[in-house]
1. Would you mention how many residues in the stretch 4-26 are at pLDDT 80 or above and β-branched (Val, Ile, Thr)?
2. Within the stretch 96-113, which residues are among the polar types (S, T, N, Q) and either outside any loop (DSSP other than H, G, I, E, B) or surrounded by 10 or more Cβ atoms within 10 Å (Cβ to Cβ) (or both)?
3. Pick out the one residue from 33, 44 that is touching a residue at least 40 places away in the same chain (Cβ under 8 Å) and surrounded by 11 or more Cβ atoms within 10 Å (Cβ to Cβ).
4. Taking the stretch 69-95 on its own, how many of its residues are surrounded by fewer than 10 Cβ atoms within 10 Å (Cβ to Cβ) and at pLDDT 85 or above?
5. Please verify whether residue 56 is surrounded by 11 or more Cβ atoms within 10 Å (Cβ to Cβ) and modelled with pLDDT of 85 or more, treating the condition exactly as stated.
6. Residue by residue through the stretch 29-83, note down the ones that are in contact with a Leu (Cβ under 8 Å, 6 or more places away or on another chain) and outside any helix (DSSP H, G or I).
7. Can you confirm whether residue 61 is surrounded by 10 or more Cβ atoms within 10 Å (Cβ to Cβ) and either at pLDDT below 85 or out of contact with any Phe, Trp or Tyr (no Cβ under 7 Å at 6 or more places or on another chain) (or both)?
8. Taking residue 103, is it more than 30 Å from residue 37 (Cα to Cα) and either at pLDDT 85 or above or of a type in the set (A, V, I, L, M, F, W, C) (or both)?
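The values are calculated or read from the model by the stated rules, or taken from the named source; none is laboratory data. The structure displayed is predicted, hence computed values, not measured ones. As a convention, Cβ positions derive from the backbone with ideal geometry for all residues, glycine included, and neighbour counts pool all protein chains shown.
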Amino acid sequence: MAKIGRPAGSLNRNRIDIWAIAKKKGVDPFEILLDFAKGDAEALGYQGERVISVTASGQEITGPWITPELRARAASDACEYLHPKLKGVELSGPDGKPIETRSPLDLSKLSKDELLIIEKALGSKKD
């Protein structure tokens, strides 16, 4: 039977167009995301530190361009490209019915003597 559609893993037309535009502009979005995750402000075109706030006396308080929160978010977003999210899998038996399980041994039907024999064979100790 002939397969219909595009091969598995191949890019659809929209994604091809998007990658062509990024390539034309000389931009790799994934690389930028990783630069944010690394906190590499210079690679992103930032220099020095930025002014975070100004005190009542007029003193400027500076900090990094890329905050730890932004780095964590970028790292999390990059992970989705490297490690796809796992989908939930539902298991079922024939015809969608629940899977039948069986216990290998039903100890409730054994006599006290039989249980003692098993305990001795397994080396169980009673406190």
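1. So the count comes out to 1.
2. Taking the stretch 96-113 first, the residues among the polar types (S, T, N, Q) are 101, 103, 108, 111.
Within the stretch 96-113, just 108 meets the criteria.
3. Numbers: 44 fails: touching a residue at least 40 places away in the same chain (Cβ under 8 Å).
The conditions single out 33.
4. Going through the stretch 69-95 one residue at a time, the tally reaches 4.
5. Criteria not met by residue 56.
6. Of everything in the stretch 29-83, those that are in contact with a Leu (Cβ under 8 Å, 6 or more places away or on another chain) and outside any helix (DSSP H, G or I) turn out to be 65, 66.
7. yes
8. Values: more than 30 Å from residue 37 (Cα to Cα): yes; either at pLDDT 85 or above or of a type in the set (A, V, I, L, M, F, W, C) (or both): no.
No, not satisfied.
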